[in-house]
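Visitor: Take a look at the following structure, please.
The values are calculated or read from the model by the stated rules, or taken from the named source; none is laboratory data. Computed from a predicted model, the values in this text were never measured in an experiment. Every residue, glycine among them, receives a Cβ derived from its backbone with ideal geometry; neighbour counts consider all protein chains shown.
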């Protein structure tokens, strides 16, 4: 029995990128039947949106971490005084 394929929303970023690369490679190699092409492009669009969302969330988290570090540093500087 083959492993069950994950739904796009359950994929990690690296897995989504690998899936996108696989679709792209099959399209470029003309391995995808024309009847399957629309379905594969729909999956690719979903994967792209998933990746974009993960990138946006990571950017927000990094920004919040940097701000927290800067605030902590500013507070430490104020406590030390001139």
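Visitor: Being part of a helix (DSSP H, G or I) and within 19 Å of the chain's Cα centre (by Cα), is that true of even one residue in region 67-80?
Guide: No, region 67-80 contains no residue that is part of a helix (DSSP H, G or I) and within 19 Å of the chain's Cα centre (by Cα).
Visitor: Specify the residue that is modelled with the highest pLDDT; the eligible residues are those in region 1-30 that are touching a helix residue (DSSP H, G or I) at 6+ places or on another chain (Cβ under 8 Å) and part of a loop (DSSP other than H, G, I, E, B).
Guide: 11
Visitor: Being part of a helix (DSSP H, G or I) and surrounded by 15 or more Cβ atoms within 10 Å (Cβ to Cβ) is the filter here; which residues of region 31-40 pass it?
Guide: 40
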